[in-house]
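Here is the structure we will look at, set down as structure tokens.
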Protein chains: 2
Amino acid sequence: MSTNIAIIGATGAVGSEFIKVIEHLKFEFDELYLVASARSAGQMIVNNLGNFVVQDIETFDFSTITYAFFTAGGSVSKEWAEKAVNAGATVIDNTSAFRMDPLVPLIIPEVNLSSYKQEKLIANPNCSTIQIVRALKPIDELFGLDKVIISTYQAASGAGNAGIEELHASMLNENESENENAAETSTVFSRPLAHNVIPQIDKFLDNDFTFEEEKVRFESRKILAAKNLFITCTAVRIPVFIGHSAAVYVETIEDIDLEKLSVSFAEIPDIELSNTASSFPTPRLIASQDKVYIGRMRKEPNTPKGVWLWVVANNLWVGAALNAVRIAQQLQKNTL
Amino acid sequence: MSTNIAIIGATGAVGSEFIKVIEHLKFEFDELYLVASARSAGQMIVNNLGNFVVQDIETFDFSTITYAFFTAGGSVSKEWAEKAVNAGATVIDNTSAFRMDPLVPLIIPEVNLSSYKQEKLIANPNCSTIQIVRALKPIDELFGLDKVIISTYQAASGAGNAGIEELHASMLNENESENENAAETSTVFSRPLAHNVIPQIDKFLDNDFTFEEEKVRFESRKILAAKNLFITCTAVRIPVFIGHSAAVYVETIEDIDLEKLSVSFAEIPDIELSNTASSFPTPRLIASQDKVYIGRMRKEPNTPKGVWLWVVANNLWVGAALNAVRIAQQLQKNTL
């Protein structure tokens, strides 16, 4: 049986990373199609996998596709994902469109692949959720999660190419940069991001949390199968191009044994735990795009059940393309 | 009685802000002396308060000084503060040298002035401690603090002029900026700070917390007179020049009434609470140097005893010079 892949939203920040991840993971396929809206259709894209003419989603034939990766925004997924499924494709959706749908599995292959029941539409979690939950899973298994309090430090690329460009333009606006109510135009972010931090990612909800913060709460609960887990988050945009970080404080049901936890992290191939307090990871200097880096692991002196972690990962890879392609690889493996 | 002031460390990032704060607060004095190490002595400084020749601390006569503000680093304070006190000056020390000394009061005028008992040596708290404790105090009074979990977003200027300069140089190093192990020299910060976040401020202690994180813990407990308060922190340096931010999660002993808390914040002249979720403060755009800005105040849905706050202030003013000069103003008022 041949394996044909389509990337919907291939010209975006995450879309272009999908191509690199497919190559990096040596994902075996027969045909690859790059698909986008009419605006980008016809564009020529040349990369290590070949030469591609971007296809218009309006006229694209999903009936020959095995795996369709959707990463063109929630509205595109809402309009096209089910059509692709009806045409015979398995859709792995990187948007928030279906994540909280009880009929749609929300999968991190290293964490909850067992909850996959042959559905044809699978949701890829939010970028910050993925790296946080991958760090939480071993803690949950060893000691049981009781309470999780998170503050994030999220890169501009989480808002796509437009986010990267707006940060870059804002950086160049040097003269207006220091503590002034700059006349700078911000459209992607709600404030100028250069020389600044913005405690808002995505829209505000009725409870005054942002949608991003609630994604972390509700997606984590769904993935960890812990619907009442006490987990809460403040999500903050920072002037970094690539790489999300999170300061994660965890309280557990049983007392924490840091040595046991270190051993558990060491057994996971794509998690790298810092050996010493001072060897912590930072977003700019992470060595590999496909690992989750954990540092600053330390016991909270106030309680034997408290631990802090500092979790860093490439948001475009670990938090998006890599997770999605690994889902497809697992499906492929099970099909063969 | 005449009031003579000396600023020790007058040529540093905070030292120069002291001069502006003295003018801003209309602090009444007769003579002002700018003092520094031999390296800066003899330098001419011209500002709105007059023309000054920087005095050498080695030969400076503290016997004519009423209030000496020390902001030249812990080692200078350790060597000279007691000499200044013995010569007759009241010392307000902006370093960490004496903060945890049980004989030295640690004062935020708006919070614990009542704990001042005529001591001649007074410690000014750490920059991030000040803004956090000012936000915590009304919560403590209304509902009682049970647990406080903090992640900070701290500006480069917290490391003085050298910190500002290193961030600026790092910003200009554009070609090496994105996720590369740049050959850039970092001496003030342990990693390049541009396009990055660094979860380390000050040195690491035996329990793998940093000294900055433990300052927040132990200074907050001392100021709030709550020696067993459950308070913990991850302190992170971000690529912002001026303005510290903190994501503060608080659990209280009694249920939280957000309206009562809003009223309480509104009654404090120098605290500005955002009216709506989307009108949160950011470090680059805070309108005034002498206020503590609080936004993103929201109840935690997991418990009636949980609340999040986002606290922003100018670290050089609110977190340093302003607090120190206000201490002196209070002393002056009580003396008159």
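Using the Cβ-Cβ distance between B:ASP255 and A:ASP30 with R0 set to 51 Å, the FRET efficiency works out to roughly 0.25.
The Kirkwood hydrodynamic radius of the range A:178-252, based on inverse pair distances between different Cα atoms, is 14.4 Å. Starting from the alpha-carbon convex hull of the range A:129-314, give the projected area averaged over all orientations, in nm². Mean shadow area of the hull around the Cα atoms is 11.8 nm².
Counting Cβ atoms of other protein chains within 10 Å of each residue's Cβ and taking the mean over peptide A:240-253 gives 4.
Inter-copy label distances for B:ASP206: 5.3 nm (label point placed 7 Å from Cα along Cα→Cβ; shortest first). Each other copy holds its own label point for A:TYR116; taking that point as 7 Å from Cα along Cα to Cβ, the gaps run 6.6 nm, nearest first.
Averaged over the residues of peptide A:199-212, the number of Cβ atoms from other protein chains lying within 10 Å of each residue's Cβ is 4.
When chain B is turned onto chain A, its residue with the beta carbon nearest the axis, and that distance in whole angstrom, is B:SER151, 2. Counted over the protein assembly as shown with a bin width of 10 Å, the fraction of Cα pairs per bin, in whole percents, is 3, 15, 24, 24, 17, 9, 5, 2, 0, 0.
Pairs from the table (B:LYS120/B:LYS222; A:LYS117/A:LYS147; A:LYS299/B:LYS222; A:LYS291/B:LYS215; B:LYS20/B:LYS222) lying more than 25 angstrom apart at Cα are A:LYS117/A:LYS147; A:LYS291/B:LYS215; B:LYS20/B:LYS222.
Using 0.36 nm per residue and subtracting the Cα-Cα separation, the extra length available between B:ASP206 and B:ALA226 on full extension is 4.9 nm. In plain terms, if you count all Cα to Cα distances in the range B:218-308 and split them into 5 Å steps from zero, the share in each step is 3, 10, 17, 22, 24, 16, 7, 1 percent. With the label put 7 angstrom out from Cα along the Cα-to-Cβ vector, B:GLY88 ends up 9.8 nm from the copy partners, going from closest to farthest. Enter the Cα centre distance for the pair the range B:187-218 and the range A:229-248, rounded to the nearest angstrom. Taking the Cα centre of the range A:229-248 as reference, the centre of the range B:187-218 is 18 Å away. Size of the range B:7-151 from its Cα atoms: along the principal axes, largest to smallest, the extents are 53, 31, 29 Å. When only the Cβ of Lys, Arg, Asp and Glu is charged (+1, +1, -1, -1), the dipole of chain B relative to its Cα centre reaches about 560 debye.
Suppose a student asked you for the relative contact order of the range A:129-314, using Cα pairs under 8 Å spaced at least 6 residues apart; what percent would you report? Taking the mean separation of contacting Cα pairs over the length of the range A:129-314, I get 28 percent.
Look at the dipole of the protein assembly as shown built from charges on Cβ: of B:ALA287, A:VAL148, A:ALA266, the Cα furthest out on the positive end belongs to A:VAL148.
Per-residue packing, averaged as other Cβ atoms within 10 Å, sorts the ranges B:52-60, B:18-26 into the order B:18-26, B:52-60, beginning with the highest. Computed per residue of chain B from DSSP H runs no shorter than four, each worth -39500 (n - 2.57), the mean residue ellipticity at 222 nm is -9000 deg cm²/dmol. In this simple spin-label approximation, B:MET1 and A:GLU79 carry label points 7 Å from Cα along the Cα→Cβ vector, and these lie 7.7 nm apart.
In this simple spin-label approximation, B:HIS168 and A:THR276 carry label points 7 Å from Cα along the Cα→Cβ vector, and these lie 3.3 nm apart. The relative contact order of chain B, computed from alpha carbon pairs under 8 Å that lie at least 6 residues apart in sequence, is 18 percent.
Distance between the 7 Å Cα→Cβ label points at A:THR59 and A:ALA266: 5.9 nm.
In terms of the mean number of neighbouring beta-carbon atoms within 10 Å, the peptides B:280-288, B:208-216, A:267-275 order highest first as B:208-216, B:280-288, A:267-275.
A Gaussian network model of chain A, with springs between Cα atoms under 10 Å, assigns the largest mean-square fluctuation among A:GLY15, A:GLY306, A:GLY50 to A:GLY50. Entry note: the range B:281-328 has Rg to Rh equal to 1.14, where both radii use alpha-carbon atoms and Rh is the Kirkwood radius.
Taking each residue as 0.36 nm, the span from A:ASP101 to A:ALA287 lengthens on full extension beyond its C-alpha to C-alpha distance by 63.4 nm. When chain A is treated as a Gaussian network with alpha carbon springs shorter than 10 Å, the biggest mean-square fluctuation among A:ASN161, A:ASN112, A:ASN302 belongs to A:ASN302. Other residues with beta-carbon under 10 Å from the beta-carbon of B:ARG326 carry, at +1 per Lys or Arg and -1 per Asp or Glu, a net charge of -3. The local environment of A:GLN55, defined by Cβ-Cβ distances under 12 Å, has a net charge of -4 under the rule Lys, Arg +1 and Asp, Glu -1.
Between the alpha-carbon centers of the range A:262-336 and the range B:272-336, tell me the distance in whole angstrom. For the range A:262-336 versus the range B:272-336, the Cα centre distance is 34 Å. For peptide B:271-282, the mean count of partner chain Cβ atoms within 10 Å of a residue's Cβ comes to 3. Evaluated with a Cβ-only charge set (Lys, Arg +1; Asp, Glu -1), the protein assembly as shown carries a dipole of roughly 900 debye about its Cα centre, given to the nearest 20. Placing one equal scatterer on every Cα of the range A:1-80 and applying the Debye formula, the log10 ratio I(q)/I(0) at q = 0.11, 0.14, 0.18, 0.22 Å⁻¹ is -0.25, -0.41, -0.69, -1.05.
Give me the Kirkwood hydrodynamic radius of chain B, using the inverse of the mean 1/r over all pairs of distinct Cα atoms, in Å to one decimal.
About 20.7 Å for chain B.
Specify the inter-centroid distance of the range A:13-89 and the range A:117-170, based on alpha-carbon positions, in whole Å. Comparing the Cα centres of the range A:13-89 and the range A:117-170, I get a distance of 23 Å.
All of the numbers you see were taken from the coordinates with simple rules; none came from a lab. Worth saying up front: this structure is predicted, and the values here are computed from it rather than measured. Neighbour counts are summed over all protein chains in view; Cβ atoms, including those assigned to glycine, are modelled from backbone coordinates with ideal geometry.
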